[in-house]
Amino acid sequence: MDNKIRNGNLYTFLYAAAIVIVVAAILALTAQVLRPRQESNVRTETRLYILRSAGLAGGAYTVKDRNAYVEKEYNRYIKDTAVGPDGLPLFVCTLEDGSKKYIIPLHGTGLWGPIWGYLALDNDFETVYGAVFDHKSETPGLGAEISKEPFSEPFRGKSLYKEGEFVSVSVVKGGKAAGNPNAVDGISGGTITSRAVETMIRECVIKYIPFLKHE
Amino acid sequence: MNKRIFLDPLFKNNPVSVLVLGICSALAVTVKMEPALVMALSVTLVTGFSGLIMSLFRNTVPNRIRIIVQLIVVATLVIVVDQILKAFAYDVSKQLSVFVGLIITNCIIMGRIEAFALGNKPLPAFMDGIGNGLGYGMILVIVSFFRELLGSGTLLGYRIVPQSWYMGNGGFYENNGLMILPPMALIIVGLIIWIFNAGKEWSK
Amino acid sequence: MEQIINIFVKAVFTENMVFAFFLGMCSYLAVSKTVKTASGLGIAVVFVLVITVPVNYLLYKYILSPGALAWLRPEWAATDLSFLSFIVFIAVIAAIVQLVEMVVEKAAPGLYNNLGIFLPLIAVNCAIMGGSLFMQERAYRNVWEVISYSLGSGIGWFLAIVAIAAIREKLGYSNIPKPLRGLGITFIITGLMGIAFMSFMGIQL
């Protein structure tokens, strides 16, 4: 192409305009086409946390179509999403035997970034039926272990109350939690993250207490 | 001729160890092999196709906006890759997080466009891009292989070090926690460079 | 206020762009042969970060993020333009780097010559783009936190590149095996520095 034309202002301007239009079209098209699938992925992720906190949806990691599986399980067990105090979300899980579990979403700040989780309560609103936690950027091998079963499993059966008082579940160091109905073991080397989990549970659940006690 | 363009960047002119390009992501996403592989694939495709596209444009791009056009082409390709990952490989895309966006500033891509694609025909430009992407990918695979094996005892998620070996289960072994942390990646790449260079000396 | 200082300290030490996230390695390795050029580039990076990250924050908050356009017209609350983030960010960065280049050329021609090609290359320095991308991910609450973050990140990067340049200057007198010289040993040293910086973890103000 003749250099004089190529470096001329009009040509440059038209070229730039053409590129902008083509790029905008490609991107908008891609985003539109893929959006439903992306949103489905995000929704599935949240639903999976909720189901896992009640010990359900164990097959999610091995089925071929996770989105469909989670959708089915979710619709089967989570019958209504009641609204707690101040519009806070609360999920009601109805199991096969008809018993109801109440799932509270948790969110807090870990050492490096946000942490979150879901706590499932029995219908006495005192006993923990299950829990699941996750994080964005906690230290691998240390704080990051909160997302693994060895950390979350011991929450089952623990109690939020001691002699009628709300004490939440503590996360203690040094393996001292044995036999204590209000505590679980923290992660050695992951003290700050463990403490963050304890704070998160207490601060989030306490908002629901007056509401739940009314039920 | 094309074959040499393709093979050169694998060892002789490896973008990471020789040309010192694309270091940033080579280190950050290599904690486990799976994200490293996805990243390598993404970079290879983006480098190849951006080389191809810029080569097609090379005679028509106005000089004044050349760099911006390059940036836009690369950014668009990266956005498309990112959208596809979010839709079809959600778990891995979360692990890669910001580093997908950082492909745009991956020096390998801009470096190859300036050094090769703008002066060559589309097909060789494409091959050069793919070759460099694979050279980069190779380093990623090597680093992540060691980091995952020694740091987590797994490879691609499959357990390699038997559970019974671990101290918690009465054994003698513990994962090398340092491998999971960022600085180790730097040291491993340093060692790889040492080995590659020594290999070059030795083959002379 | 406390949070702002916390963010700043974290950005300089425990979440140092070079040692924790490996951003900006290419220029970090290439321009760290002498302390003088290293500090010149470092200052330029600080400058570019402190301008581009807050600008991108505002763009993201008021135009690109899901529902951001609601302030213009309520019925636009459903639009989500976040898929354009990468392009908008890099365009802003390229424009600002162009501006910085022009300013440096007029105000400090010596530095301009010393930096050479690396000044325009700041535009593709992953540290700059990374700064904006991390800002987007972390959802800071207001523009002061963002400024604190970008200033801290820039200073952290500056510290890193000046430190490695100082070490490399001294390395000239050491007896390093030939295949390890230059790049190899720099990587290993940077890795060791990274381990050292990790000791800042857990500092809470």
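By the scheme Lys and Arg +1, Asp and Glu -1, what is the net charge of all other residues having a beta-carbon under 11 Å from that of A:Glu149?
+1
With Cβ to Cβ distances under 15 Å as the rule, what net charge do the other residues near C:Ile189 carry (K, R +1; D, E -1)?
+3
Give the C-A buried accessible area in Å², both sides summed, 1.4 Å probe, nearest 100.
900 Å²
Search the structure for amide H atoms under 5 Å from the amide H of A:Gly108, placed 1.01 Å from N in the peptide plane, and list their residues when 5 or more places away or on another chain.
Close amide H contacts, sequence-distant or interchain: A:Ile115, A:Trp116.
Which ³J(HN,Hα) values, rounded to whole Hz and listed in residue order, are derived for the range C:26-36 from phi using the Karplus coefficients 6.51, -1.76 and 1.60 in 6.51 cos²θ - 1.76 cosθ + 1.60 with θ = phi - 60°, glycine and proline given as x?
Taking θ as phi minus 60°, the curve returns 4, 6, 4, 6, 7, 9, 9, 6, 10, 5, 5 Hz for the range C:26-36.
Under a 1.4 Å probe, what is the accessible area of the range A:72-162 per residue, stated in Å²?
44 Å²
Run the 1.4 Å probe and let me know the accessible area of B:Lys32, rounded to the nearest 10 Å².
Counting only protein heavy atoms, the figure is 80 Å².
Residue by residue through C:149-160, how many Cβ atoms from other chains fall within 10 Å of the Cβ on average?
Rounded to a whole number, the mean comes out at 0.
Only sites in a loop by DSSP and with at most 11 other Cβ atoms within 10 Å count here; which GluC sites (Glu not before Pro) in the range A:86-141 make the cut?
Qualifying residues, ordered by number: A:Glu96.
Rounded if a/c is under 1.5, else prolate if a/b is larger than b/c, else oblate: which is the range B:1-136, with a ≥ b ≥ c the root eigenvalues of its Cα gyration tensor?
It comes out oblate by the Cα gyration axes.
May I have the count of lysine pairs in chain B with C-alpha atoms under 20 Å apart, counting pairs 8 or more residues apart or located on different chains?
7
Which of C:Ile51, C:Ile155, C:Ile87 ends up with the largest GNM mean-square fluctuation for chain C, with Cα atoms connected below 10 Å?
C:Ile87
Just to confirm the number: angle between the C-alpha axis of helix A:66-77 and the first principal axis of chain A, 0 to 90 degrees, nearest 10?
Its long axis makes an angle of about 40 degrees.
Excluding same-chain pairs closer than 8 in sequence, count the lysine pairs in chain A whose Cα atoms lie under 17 Å apart.
Lysine pair count for chain A: 10.
Enter the mean number of other protein chain beta carbons within 10 Å of the beta carbon of each residue in B:72-80, as an integer.
6
For chain C, what's the relative contact order in percent, using C-alpha pairs closer than 8 Å and at least 6 residues apart?
41 percent
Name the most mobile residue of A:Phe166, A:Phe155, A:Phe125, meaning the one with the largest mean-square fluctuation, in a Gaussian network model of chain A with Cα contacts below 10 Å.
A:Phe166
State, in square angstrom and to the nearest 100, the accessible area buried between chains A and B, both chains counted, probe radius 1.4 Å.
The summed interface area works out to 2100 Å².
Take each complete run of DSSP H in chain B, measure how far its Cα atoms stretch along the helix's own axis, and keep only those covering 24 Å or more with mean Kyte-Doolittle hydropathy at least 0.5; list them.
Both cut-offs are met by B:33-57, B:66-88, B:122-152, B:182-202.
Given the C-alpha centroids of the range B:144-184 and the range A:154-215, what is the distance between them in whole angstrom?
31 Å
Over the range A:136-199, what relative contact order in percent results from Cα pairs under 8 Å that are six or more residues apart?
Relative contact order, the range A:136-199: 32 percent.
Near A:Thr44, within a Cβ-to-Cβ distance under 15 Å, what is the net charge of the other residues, with Lys and Arg +1 and Asp and Glu -1?
Local charge sum for A:Thr44: +4.
Rank these by accessible area, largest first, 1.4 Å probe: C:Thr14, C:Thr190.
Descending order: C:Thr14, C:Thr190.
Calculate the mean, over all residues of peptide C:25-33, of how many other protein chain Cβ atoms lie within 10 angstrom of the residue's Cβ.
For peptide C:25-33, the averaged partner shielding equals 4.
May I ask you to evaluate 6.51 cos²θ - 1.76 cosθ + 1.60, the Karplus curve with θ = phi - 60°, for each residue of the range C:163-169 and list the ³J(HN,Hα) values in order in whole Hz, giving x for glycine and proline?
Whole-Hz 3J(HN,Hα) from phi for the range C:163-169: 4, 5, 5, 4, 5, 5, 4.
Under 27 Å between C-alpha atoms is the cut-off here; go through chain C and count lysine pairs that meet it, provided they're at least eight residues apart or on different chains.
Count of close lysine pairs: 9.
What total accessible surface area, summed over both chains, is buried at the interface between chains C and B, computed with a 1.4 Å probe and given in Å² to the nearest 100?
3200 Å²
I'd like the accessible area for B:Asp91, computed on protein heavy atoms only with a 1.4 Å probe and all protein chains in place. Round to 10 Å², please.
Its accessible surface works out to 80 Å², give or take rounding.
What ranking, highest mean first, results for peptides A:101-111, A:30-40, C:171-181 when packing means the other Cβ atoms within 10 Å averaged over each residue?
Top of the packing list down: A:101-111, A:30-40, C:171-181.
Can you give me the relative contact order of chain B as a percent, contacts being Cα pairs under 8 Å and 6 or more apart?
Dividing the mean separation by the residue count of chain B yields 35 percent.
The values are calculated or read from the model by the stated rules, or taken from the named source; none is laboratory data. Since this is a predicted model, take the numbers as computed values, not measurements. Because the Cβ atoms are built from the backbone with ideal geometry, glycine has one as well, and the counts that use them run over all protein chains shown. We work out accessible area using only protein heavy atoms, side chains counted, and drop any ligands, DNA or RNA first. Shrake-Rupley method; radii C 1.70, N 1.55, O 1.52, S 1.80 Å.
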